[in-house]
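First comes the structure, then the notes that go with it.
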Amino acid sequence: MSGPVIRELDGLAELKRSEDLQRTVWGPDDPADNADLMLAIQHEGGLVAGAFDGAHMLGFLFAFPSATPGVQHSHRLAVLPQARGLRLGLRLKWFQRDWCLARGIRHVRWTYDPLRAVNAGLNVGALGGVSDTYLPDYYGAMPGINAGLPSDRLLLDWPLDSPGVAARAAGLAPPETAVAQRVPIPRDLDALRREAPEAALQARLALRDVLTAGFAGGLRIIGFDTQACAYLLG
């Protein structure tokens, strides 16, 4: 594939540059993952990768082994604002899948804000992740782009060799599954926070209630309709 190159970061200097990228994406008040710590984790089986246009780092991914053998936790994924639209987030995740499968890792987990439609479109719609675990105010009060709302998160499961994920990785349509419930979310959380912060809070709490109840009733997130901006539960 032409365009930016996806590869593992090489050495402490590149890892330190990833700190700058993190601060650019999440804001200076959101602590960046430390280069020294990432170097040690990389040497112990973690993945630290980037998207590069020549020597310029445009995107970054950081993941590490979990307590469960064969399962990786994916901690950070960031793409510079000026590089959005190049599908680098998607390319970094497919690089991660190939990297994991080559090492016998069949499952990746991570958390993300369920109210961010762009992330839902990537994590669920494009990658085929699923979820049945809602984590209210997971990180507590947060600075930067997360400030002002409870830090609710979904725990996403990404089974790397499942039919849905494998089909998407091959550029094919995933198998159809029955949908029991559709749950809409705002199209632009950041705009809603700026223009109507109380409405953003109500959207957070409403989604928390609906998803928590759905999961308790045996449903899970199985898809995301990007046109309708809605989760699909089944």
Hey, could you get me the Stokes-Einstein D for segment 117-179, Kirkwood radius over alpha-carbon pairs, 37 °C and 0.692 mPa s, rounded to whole µm² s⁻¹?
246
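Working with all protein chains in place, sort S74, S2, S66 by solvent-accessible area computed with a 1.4 Å probe, largest first.
If we order S74, S2, S66 from most to least accessible, we get S2, S66, S74.
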Tell me what the chain gives for mean residue ellipticity at 222 nm when only DSSP H runs of n ≥ 4 count, each as -39,500 (n - 2.57), the sum divided by the residue total, rounded to 500 deg cm²/dmol.
-10000 deg cm²/dmol
Calculate, for segment 192-234, the solvent-accessible area per residue in square angstrom, rolling a 1.4 angstrom probe over the heavy atoms of the protein chains.
51
Return the long-range amide H neighbours of R153 (sequence gap of 5 or more, or a different chain), with a cut-off of under 5 Å between placed amide H atoms.
L135, D137, Y138
Over the Cα atoms of segment 133-234, what is the Rg over Rh ratio if Rh follows Kirkwood?
1.00
Solvent exposure ordering (accessible area, 1.4 Å, most first) of V79, V118, V124, V210:
V118, V210, V79, V124
Stokes-Einstein diffusion coefficient of segment 42-157, Kirkwood radius over Cα pairs, 4 °C, 1.567 mPa s, in µm²/s:
86
For segment 1-102, what are Rg and Dmax over the alpha carbons, in angstrom?
13.0, 37
Note, segment 4-18: 3J(HN,Hα) by Karplus (6.51, -1.76, 1.60, θ = phi - 60°), whole Hz, Gly/Pro = x, goes x, 8, 9, 7, 5, 6, 10, x, 5, 4, 5, 5, 5, 5, 5
Let me spell out the model: positive unit charges on the Cβ of Lys and Arg, negative unit charges on the Cβ of Asp and Glu, origin at the Cα centre of the chain. What dipole size does that give, in debye rounded to 20?
460
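At 1.4 Å probe size, with the rest of the protein present, what percent of the exposed accessible area of segment 163-219 is carbon and sulfur atoms?
C and S atoms contribute 58 percent here.
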Residues meeting the amide H criterion for G27 (H placed from the backbone, H to H distance under 5 Å, 5 or more places apart or on another chain) are none
List the residues, sorted by chain then number, that are 5 or more residues from G148 or on another chain and whose placed amide H is less than 5 Å from its amide H.
M142
Hey, what's the Kirkwood Rh for the chain if you take every pair of different alpha carbons, in angstrom?
18.4
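The values are calculated or read from the model by the stated rules, or taken from the named source; none is laboratory data. The shown structure was predicted, so the numbers you read here are calculated from the model rather than taken from an experiment. Don't worry about glycine lacking a Cβ; one is built from the backbone with ideal geometry, like all the others, and counts go over all protein chains shown. Please note that ligands, DNA and RNA were not included when accessible areas were found on the heavy atoms of the full protein model with its side chains. Shrake-Rupley method; radii C 1.70, N 1.55, O 1.52, S 1.80 Å.
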